[in-house]
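What follows is a single structure, written as structure tokens, with notes after it.
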Amino acid sequence: MTDETEVLSWRQKGINALSILLFVFVFYTCATGPFESIIHRAIFVAILITLGLFMYPLWGGTRLRPFGLVIDVCMGIIAFISCMYVIANYENIMGSLGTLPLAETRDILMTACLVITILELSRRAIGIIFPSIVVLIIGYTLLGQHIPGTLGHRGFDIYFLTETLFLSDLGIWGMLTGVAATVIAAFTMFGAVLLNTGGGRTFIDIAMRLGGRAPGGGAKIATIASGLFGMVSGSAVANVATTGNFTIPLMKRLGYPPPMAAGTEAVASTGGQLAPPIMGAAAFIMAEIIGVDYLRIVVSAALPAFLFYLGVFMTIHVMATEGSLGSVPVDEVPVWKNILHWKRILPIGTAIGALLFAIFNGNSITTAAFYGTVGALVTFPLTYIRTLSDLMTVLGDLNKAALDASRGLLIIGILLAGAQIMVSCINMTGLGVTLSTLIINVGGERLFLITLIVAVVCMIMGMGIPTTAAYVLVAAVLAPALIKMGVVPLVAHMFVFYYATLSVITPPVCIAVFVGAGIAEARWGDAAKYALRLGAVTYVIPFLFIIYPGMLAQAGLPGFLRASVSGLVFVLAFSNLFGGRRVFPFHAIDMLLWLVIAVLAVMHGWGPTVAGAAMLVAMYFLRKKLRPVLPHQEA
């Protein structure tokens, strides 16, 4: 064994050990309840930083690695000492809040080292953009008194910044880190266990069975499978990398253009962040920020998520029927008997059943995730273990679940710790209020114009940043502008969340498209065109939140029904428009009529919506009468 192989082996052993430690920490605290807030968060951050330094070594695989190792060791030791210092001085810190200055030179040094470590790990894990934004806002906090005009502020010295970021529960140890260490950690653990105890393969097989034989079956499999995966994983990029390795080659084999395969997978995976229950961790963060129950967020997000996937599914269907997209051969489609075999369904059913039972029984969300995880951990081994070989296979699957959970939690946890630093500085300087005032001044208090400005800025601010961090940023800076205009906080936050999410498929920095294009071996620009076409309806759905609050279950049953009908007609019209449905000889007439139906669907009053629905039905009947032969069959 070479020295390099030995190092890799020891590094992997370290990653395995730390992943299991993190899993056990989350599992234990879900069962017994979290420790005192700062203590719990400091332990969590200490484990994450150590794990991150193992997973993302500085200059790994290069000649500079020895120097990188020295830097990594120093960063790890100082960060660990900083976390232990906070734990040891918990009572003094909490007892002195708001009274006397606490920061000393050693505190400043520990704060600087901890912040640098968190931002450096963010850079290694997801790139330079997010940590650069955080550094910029820290600089703005320290030097704001030198900025003229509206954006200037009185400025804060390094001592006050240290007290806020390190020696209080408002900075690194604040709410976002707390959510990551409790609720998000619990659901990340639950999702990883569910997917690695048979759920992953079962989700793909269900998708193949439901959509494989239909027109455009390959793309429909991607939509269904990515939706099921995304509802558990909550990460667009991870979703593309996971399901895309199966769906993109399948679509290419069935004759789909590679850019379309990449774009389809990117859009379908993005929807997973919008679909309950996890929503890219935004559901939990949104509940904490707004101060409402998590289940209310889930209920509010259900109809928009359904409309999103209906829009993608129907656009694919129209494109398939108009252009003859391939379906999966019948001999490759699994049968329900195998998919629903009790050995495959028992762990999944037990896990989800235990989770739902605990939620409806009034248990906390973390306790519910614990019960769901226990359900899978108990039934999966009992179902599969018959021999020693089976035992080793099951242990390997559970170890992979711990590794997957730790990887996902590392990125989310480090990002949210960095985002907490950013939000603390924004709150200190009043930057969110300042930008909200500027937006309202530019918009002239015209709600439509202000929402349009906010939507564009959200997509720009979210580019290159993972959705969870992007949402935190826009929620702190842009949501207040909508709330000032009288928009209900839940509606405002869901509005900015949607547009922050769409940044992963919006050029030029569309990271989900980049990943999909890499798998498909296609040009990302071509893939982005398909992604925009398939996801077009999603760029308009958030405006329906403003027009019809019932879309988010904010206006009782009548409002919900009104929003549902309008949303359904609108989505079907948009799907036909962007799918290229042909009815009349001149395509321009088709496009105009589909657009008219979409506009009628969102107008106030039942009259225009009913008229739009009638036109929609008429267009389908005319399609059958005027174009009985599919275009690819015509001369």
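Here, each number is a calculation from the coordinates, and none is a lab measurement. On a predicted model such as this, the values are computed, not experimentally measured, just so you know. Note that we place each Cβ from the backbone using ideal geometry, even for glycine, and neighbour counts take in every protein chain shown.
Here are the numbers:
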| item | result |
| --- | --- |
| Percentage relative contact order, the range 3-148, counting C-alpha pairs under 8 Å, at least six apart | 21 percent |
| Charge-dipole axis of the chain as Lys and Arg at +1 and Asp and Glu at -1 on Cβ define it, positive-most pick from ALA262, MET428, ALA598 | ALA598 |
| Unit charges on C-beta of K, R, D, E only; dipole of the chain, Debye | 1840 debye |
| Alpha-carbon Rg/Rh ratio, for the range 3-148, with Rh computed the Kirkwood way | 1.02 |
| Simple spin-label estimate for VAL378 and VAL330 in nanometres, 7 Å along Cα-Cβ | 4.4 nm |
| Whole-Å distance, taken between Cα centres, linking the range 259-279 and the range 376-427 | 21 Å |
| Under 18 Å from LYS337, Cα to Cα: aspartates and glutamates that are on another chain or at least 8 residues apart | ASP205 |
| Gyration tensor verdict on the range 299-364 (Cα atoms; rounded if a/c is under 1.5, prolate if a/b is larger than b/c, oblate otherwise) | oblate |
| The range 266-383: C-alpha gyration tensor shape, a/c 1.5 cut-off, then a/b vs b/c | oblate |
| Spin-label zone in the range 484-498 - amide nitrogen under 16 Å from a point set 7 Å from the Cα of THR437 along the C-beta vector | 484-485 |
| 18 Å cut-off, amide nitrogen to a point 7 angstrom out along LEU449 Cα→Cβ, residues in the range 472-493 | 481-487 |
| ³J(HN,Hα), Karplus 6.51/-1.76/1.60, whole Hz, each residue of the range 363-373, x for Gly, Pro | 6, 5, 5, 5, 5, 4, 5, 4, 4, x, 5 |
| Calculated from backbone phi, Karplus (6.51, -1.76, 1.60) coupling profile of the range 467-482 in Hz, x at Gly/Pro | 4, 4, 5, 4, 4, 4, 5, 6, 5, 6, 9, 10, 4, x, 5, 5 |
| Summed residue charge, Cβ within 10 Å of MET319's Cβ, Lys/Arg positive, Asp/Glu negative | +1 |
| Residues LYS624 and ARG106, FRET efficiency given R0 of 45 Å [Cβ-Cβ distance, rounded to 0.05] | 0.05 |
| For LEU340, net neighbour charge (Lys/Arg +1, Asp/Glu -1) across residues whose Cβ lies under 11 Å away | +3 |
| Dipole magnitude (debye, nearest 20) for the range 3-148, charges at Cβ of Lys, Arg, Asp, Glu | 300 debye |
| Global form of the range 478-635, assessed from the alpha-carbon gyration tensor, a/c cut-off 1.5 | oblate |
| Computed helical MRE - 222 nm, the chain, DSSP H runs ≥ 4 contributing -39500 (n - 2.57), nearest 500 | -24500 deg cm²/dmol |
| Vicinal HN-Hα couplings computed from phi for the range 246-256 (Karplus, 6.51 cos²θ - 1.76 cosθ + 1.60; Hz; Gly/Pro x) | 9, 6, 5, x, 4, 4, 4, 5, 8, x, 6 |
| Top positive-direction residue, dipole computed over the range 3-148 with Cβ charges, set ILE81, LEU18, THR32 | LEU18 |
| Highest average packing first - 422-434, 266-278, Cβ atoms within 10 Å | 266-278, 422-434 |
| Exposure proxy ranking, count of Cβ atoms within 10 Å, fewest first, for TRP594, TRP342 | TRP342, TRP594 |
| At R0 = 35 Å, FRET efficiency that the Cβ-Cβ distance of ILE20 and GLU288 yields, to 0.05 | 0.80 |
| Radius 15 Å from Cβ of ASN239, net charge of other residues (Lys, Arg +1; Asp, Glu -1) | -1 |
| Separation in nanometres of the label points that stand 7 Å from Cα toward Cβ, at VAL73 and ILE128 | 2.9 nm |
| Mean separation of Cα contacts under 8 Å (6+ apart) over length of the chain, as relative contact order % | 17 percent |
| Sites LYS337 and ASN399 - FRET efficiency at Förster radius 45 Å, r taken between beta-carbons, to 0.05 | 0.90 |
